[in-house]
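Participant: Take this structure, written in structure tokens, and hold onto it; I'll ask about it next.
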Amino acid sequence: MIDLRSDTVTKPSRAMREAMASAEVGDDVYKEDPTVNRLQKYCAELFGKEDALFVPSGVMGNQLCLNAHTQPGDEVICDKNAHIFQYESGSPAMLSGLSLNLIDGKNGIITPEQVEPLIRPTSAYYMPQTKVIEVENTHNVAGGVVHPIENIKALKTLADKYSLKMHLDGARLWNASVATGISVGEYSSYFDSVSVCLSKGLGAPVGSVILGEKDFIAETFRKRKSWGGGMRQIGILAAGGQFAIENNFAKLAEDHEKAKILAEHITELPNVEIDLSLVETNIIMFKPKSMTVEDVLQKCKDKGLLLGPGGVGVIRAVTHLDISFEDIESTKQILSEVFGA
Ligand SMILES: Cc1ncc(COP(=O)(O)O)c(C=O)c1O
């Protein structure tokens, strides 16, 4: 099976497993796991933040940050298709008593002109209080679209004007950085908190890292424990993450190249709608016009290709470490057969 459902389906390589198996460990609840401490220090330096915290998942990373920035009854402004709204089980409301004020962003990009009118006046005691502007980079539902740095800078200026916090869901910030050449540190400098995933394109089996100032990370450390996320000898997991950053970060360029090759082929298929200009990283979204999404997924599966749904009427294909250029050629062949090209 060629599995293009997500970049989370990668399996740890032999070398990664060896790094994990030989990791030095200690009790991380006592902050005594040297491999976790090393990863956190390494990430803090890489992202130019004072401190970092290893967490089990991207959802926990995002939600810990939102929780630490807010009080129940506060509000977060984000795109209508933000992962924190669509795919985190309602946890802003459930875990932190937050409401989300949604923007109809264009391909996941929210502009200061859209955000400013939604910011609640602090004098309006009867309204929720705006505390955070959230950005997702790259944007999953938009198809791995990179958030332009100039827009991020403008959002940061707006956030400063109203004393709001900026949070970055950087599950795939690595991809944005490789696609643009802008460092993860430069991106992070406009945000009070950043959450990045190790278990997506980088290919680690588990883990995310959140980044921020020392006091902020100390607060998230306390909250992680209260949410049941205090873990013990997790150096074996952190070693996978460390290996992933050091060895697989630069390789994302290949994933982007594979996505481009595949997307270009899809433009040539009959009865398919695709916007090639949105394929900036490793995610491809396309719409079949003469078949249902379910039909296409099943026909592809019967031929040895797994794709996933990407929203209403949309199919998603994601390239990753475990997909070779030969797999891309086979995928093109299968899609041609399914669409009768
Ligand atoms: C943009 C984005 N943020 C956060 C997450 C959550 O990550 P996790 O599945 O590790 O909780 C995902 C997962 O796909 C994602 O795509």
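The values are calculated or read from the model by the stated rules, or taken from the named source; none is laboratory data. Owing to the predicted nature of the structure, the values given are computational and were not obtained by experimental measurement. Don't worry about glycine lacking a Cβ; one is built from the backbone with ideal geometry, like all the others, and counts go over all protein chains shown. Accessible surface is based on the protein model in full, side chains and every heavy atom, while ligands, DNA and RNA are left aside. Shrake-Rupley method; radii C 1.70, N 1.55, O 1.52, S 1.80 Å.
Participant: Kindly indicate which of ALA253, ALA239, ALA259 is closer than 30 Å to PRO288 by Cα, of a type outside the set (Val, Ile, Thr) and touching a helix residue (DSSP H, G or I) at 6+ places or on another chain (Cβ under 7 Å). Spell out how you get there, then give the answer.
Facilitator: Values: ALA239 fails: closer than 30 Å to PRO288 by Cα; ALA259 fails: touching a helix residue (DSSP H, G or I) at 6+ places or on another chain (Cβ under 7 Å).
Answer to the selection: ALA253.
Participant: Just to verify a result, which residue in segment 311-341, among those that are within 25 Å of the chain's Cα centre (by Cα) and at pLDDT below 95, is surrounded by the most Cβ atoms within 10 Å (Cβ to Cβ)?
Facilitator: Looking at the filtered set, the residue picked out is GLY311.
Participant: Mind listing whichever residues of segment 136-164 are closer than 21 Å to LEU278 by Cα, part of a loop (DSSP other than H, G, I, E, B) and either charged (D, E, K, R) or without any contact (Cβ under 8 Å) to a residue 60 or more places away in the chain (or both)?
Facilitator: First, pick out the residues of segment 136-164 that are closer than 21 Å to LEU278 by Cα: 136-152.
If we keep only those that are part of a loop (DSSP other than H, G, I, E, B) too, we end up with 137-138, 140-144, 146-148.
Across segment 136-164, the qualifying residues are ASN137, HIS147, PRO148.
Participant: Another question, if that's okay. Could you identify the single residue in SER195, SER199 that is closer than 15 Å to LEU53 by Cβ and either within 11 Å of the ligand (Cβ to nearest atom) or crowded, with 24+ Cβ neighbours inside 10 Å (or both)?
Facilitator: Working: SER199 fails: closer than 15 Å to LEU53 by Cβ.
Being closer than 15 Å to LEU53 by Cβ and either within 11 Å of the ligand (Cβ to nearest atom) or crowded, with 24+ Cβ neighbours inside 10 Å (or both) holds for just one of SER195, SER199, which is SER195.
Participant: Oh, and also: How many of the residues in segment 223-235 are touching a helix residue (DSSP H, G or I) at 6+ places or on another chain (Cβ under 9 Å) and either part of a helix (DSSP H, G or I) or at positive phi (or both)?
Facilitator: Residues of segment 223-235 that are touching a helix residue (DSSP H, G or I) at 6+ places or on another chain (Cβ under 9 Å), as a first pass: 223-225, 227, 229-235.
Next, only the ones that are either part of a helix (DSSP H, G or I) or at positive phi (or both) stay: 223-225, 235.
Looking only at that region, the number is 4.
Participant: Among all residue pairs at least 6 apart or on different chains, which show Cβ distances below 7 Å where the first residue, located in segment 36-60, is over 22 Å from SER91 (Cβ atoms) and the second is open to solvent by 30 Å² or more (accessible area, probe 1.4 Å) and part of a helix (DSSP H, G or I)?
Facilitator: Here the result reads GLU50/LYS214; ASP51/LYS214, each pair linking segment 36-60 to a residue that is open to solvent by 30 Å² or more (accessible area, probe 1.4 Å) and part of a helix (DSSP H, G or I).
Participant: Looking for whichever is within 16 Å of the ligand (Cβ to nearest atom), open to solvent by less than 10 Å² (accessible area, probe 1.4 Å) and not polar (S, T, N, Q) here; the options are GLU75, GLU88. Which one fits?
Facilitator: Values: GLU75 fails: within 16 Å of the ligand (Cβ to nearest atom).
So the residue among GLU75, GLU88 that is within 16 Å of the ligand (Cβ to nearest atom), open to solvent by less than 10 Å² (accessible area, probe 1.4 Å) and not polar (S, T, N, Q) is GLU88.
Participant: Going through segment 178-192 one residue at a time, which ones are in contact with a strand residue (DSSP E or B) (Cβ under 9 Å, 6 or more places away or on another chain) and within 16 Å of the ligand (Cβ to nearest atom)? Let's see the steps before the verdict.
Facilitator: Here is the first cut: in segment 178-192, the residues in contact with a strand residue (DSSP E or B) (Cβ under 9 Å, 6 or more places away or on another chain) are 184, 187-188, 190-192.
Selection gives VAL184, TYR187, SER188, PHE191.
Participant: From the list GLU213, GLU264, GLU246, GLU257, which residue is touching a strand residue (DSSP E or B) at 6+ places or on another chain (Cβ under 8 Å), open to solvent by 10 Å² or more (accessible area, probe 1.4 Å) and acidic (Asp, Glu)? Walk me through how you get there before you give the answer.
Facilitator: On the way: GLU264 fails: touching a strand residue (DSSP E or B) at 6+ places or on another chain (Cβ under 8 Å); GLU246 fails: touching a strand residue (DSSP E or B) at 6+ places or on another chain (Cβ under 8 Å); GLU257 fails: touching a strand residue (DSSP E or B) at 6+ places or on another chain (Cβ under 8 Å).
None of the other options fit; the residue is GLU213.
Participant: Starting from residues that are polar (S, T, N, Q) and crowded, with 24+ Cβ neighbours inside 10 Å, keep the ones in segment 43-66 and report whichever is farthest from the ligand (Cβ to nearest atom). Steps first, please.
Facilitator: Restricting attention to segment 43-66, the residues satisfying the condition of being polar (S, T, N, Q) are 57, 62-63.
Those still in the list that are crowded, with 24+ Cβ neighbours inside 10 Å too: 62-63.
Numbers: ASN62: 6, GLN63: 9 Å.
The selected residue is GLN63.
Participant: Still on this model: Pull out all pairs, ordered by first then second residue, where Cβ-Cβ is under 7 Å, the residues are six or more apart or on different chains, the first lies in segment 69-96 and is among the polar types (S, T, N, Q), and the second is at pLDDT below 95.
Facilitator: none
Participant: Follow-up. Identify, please: which residue in segment 99-135 is in a loop (DSSP other than H, G, I, E, B), open to solvent by 10 Å² or more (accessible area, probe 1.4 Å) and among the β-branched types (Val, Ile, Thr) and is, among those, farthest from the ligand (Cβ to nearest atom)?
Facilitator: Here the answer is THR122.
Participant: Can you pull out the residues in segment 311-340 that are farther than 15 Å from ASP3 by Cβ and not in a helix (DSSP H, G or I)?
Facilitator: GLY311, VAL312, GLY313, VAL314, PHE339, GLY340
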